[in-house]
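The values are calculated or read from the model by the stated rules, or taken from the named source; none is laboratory data. Fair warning: this is a prediction, and the values are worked out from it, not measured in the lab. Don't worry about glycine lacking a Cβ; one is built from the backbone with ideal geometry, like all the others, and counts go over all protein chains shown.
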Amino acid sequence: MDYILVVLKMLCAQLKDATKMVPQNAMTLDGILFQRTWFQGVLVLAPNENNSVEALLLLDDRISVVKLSLNSADFHLCPWKTGMCVMVIGGYSVGAVQPRMIKVHKIVDLSAISDGEAMSYREVMEAYKLFYGP
């Protein structure tokens, strides 16, 4: 993981436009090189009560849905439930066999913040306008 590269705060739908840069082991979107992404949204699929170590979650940011892979037992200390508003930072992976997904490095429950989801959408739009737009 190259921590010099930017962590893009983006919408799930923007992932389909990202392309893999093989020499750098990174992705690019609109000329911006990245390895990690930052999303906020609502969990629309959560693991059963067992919270298996290989849990798979789906995050909906009201525009699109992305798969989240929780491979660490640390993530199972919190009971992730459908309907929770969360912030996720993780590595974006595209494999020849596996579908596109985010390998979660950090996930935080934002359910207590009533307008967190709406603010996230606005933050993404403003960031692109300020830093990446024409």
Inset, instruction - Kindly indicate which of Lys81, Lys106 is modelled with pLDDT of 70 or more and in a strand (DSSP E or B). - result: Lys106
Legend entry - Residues that are part of a strand (DSSP E or B) and over 21 Å from Arg62 (Cβ atoms), drawn from the range 8-22: Thr19, Lys20, Met21
Inset, instruction - Check off (1) surrounded by 16 or more Cβ atoms within 10 Å (Cβ to Cβ); (2) at pLDDT below 80 for Ala18 and give me the number that stays unchecked. - result: (2)
